[in-house]
1. Over the chain, what is the percentage of antiparallel beta bridges among all DSSP beta bridges, to the nearest 5?
2. If each of residue 151 and residue 208 carries a label point 7 Å out from its Cα toward its Cβ, how far apart are those two points in nm?
3. Rank by packing, highest mean first: peptides 112-121, 15-24, with packing defined as the count of other Cβ atoms within 10 Å averaged across residues.
4. At 1.306 mPa s and 10 °C, plugging the Kirkwood radius over alpha-carbon pairs of the range 70-152 into Stokes-Einstein gives what diffusion coefficient in µm²/s?
5. When the convex hull of the C-alpha atoms of the range 5-218 is computed, what volume per residue in Å³ does it have?
6. What distance in nm lies between label points placed 7 Å from Cα along the C-beta direction at residue 71 and residue 127?
7. How much mean residue ellipticity at 222 nm does the chain get from its helices, if each DSSP H run of length 4 or more adds -39500 (n - 2.57) and you divide by all residues, to the nearest 500 deg cm²/dmol?
8. Would you please give the FRET efficiency between residue 119 and residue 86, computed as 1/(1 + (r/R0)^6) with r the Cβ-Cβ distance and R0 = 22 Å, to the nearest 0.05?
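Each value in this text was obtained by applying a stated rule to the coordinates, not by laboratory testing. Because the structure is predicted, anything quoted here is derived from the model rather than measured. Here the Cβ is made from the backbone with ideal geometry for all residues, glycine too, and neighbour counts use every protein chain on show.
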Ligand SMILES: O=C(CO)[C@H](O)[C@H](O)COP(=O)(O)O
């Protein structure tokens with residue numbers, strides 16, 4: 001089994017030192033930088049606008065994978081792409097026309113991601129599979145870092161793996177929420193190819209990032 005891509009969520013970083021934090025992640029062996037955008041409406045928390053993404057973009061060459069927890073999402077796609085997003089991931093609940101939204105992301109030259117909340121049915125993946133570069137399975141209800149992994153997410157990863165494989169899709173299958181070295185192996189065994197982790201990467205401070213990332217890859 002190939003090692004998963006490790007995508008640290010900067011939601012758990014020191015916001016006062018974001019530029020240094022993304023540099024430290026690159027040195028520590030991260031594959032992508034995961035940016036959690038929350039609008040205080042779609043989810044009960046408020047985080048980073050496009051100006052912040054633009055400000056940290058020059059500090060690393062790692063791809064920026066931007067998870068938009070925003071509704072309506074369509075008016076924000078271009079701004080985050082211009083700010084430096086490489087992947088833009090959206091929820092089917094974020095607008096009335098998911099098919100159009102995914103097409104718009106690709107038209108902007110970004111990779112298109114679809115995010116499933118714990119209660120979002122897997123069937124939606126089948127309807128738009130040809131438009132997907134990534135599927136993100138939320139293993140917590142989105143809005144906050146530091147929550148516990150919902151165990152039924154493993155079965156959901158397996159089911160989405162089946163949908164992608166049957167369609168011949170090469171989309172990245174990412175999991176996010178409560179991911180630790182203790183459950184990372186089970187996520188990969190279920191079919192995940194990328195792991196988002198906040199708390200378990202940033203714990204222990206910058207000197208621990210490399211070991212924390214290595215532990216996730218090895219699991
Ligand atoms: O999207 C998120 C919350 O909505 C975070 O990316 C996720 O929860 C990661 O944080 P942690 O690893 O601490 O659970």
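1. Values: 1 of 31 bridges.
Antiparallel: roughly 5 percent of the beta bridges in the chain.
2. 2.6
3. Values: 112-121: 18.4, 15-24: 15.8.
In descending order of packing, they fall as 112-121, 15-24.
4. Working: Rh = 13.3 Å.
Here the translational diffusion coefficient equals 119 µm²/s.
5. Details: hull volume 22.8 nm³, N = 214.
Taking only Cα atoms, the range 5-218 has a hull volume of 107 Å³ per residue.
6. Once both label points are built, they end up 1.4 nm from each other.
7. On the way: 9 runs with 76 residues, N = 219.
Roughly -9500 deg cm²/dmol at 222 nm, from the helical runs in the chain.
8. Values: r = 28 Å, r/R0 = 1.28.
Between residue 119 and residue 86 the formula returns 0.20.
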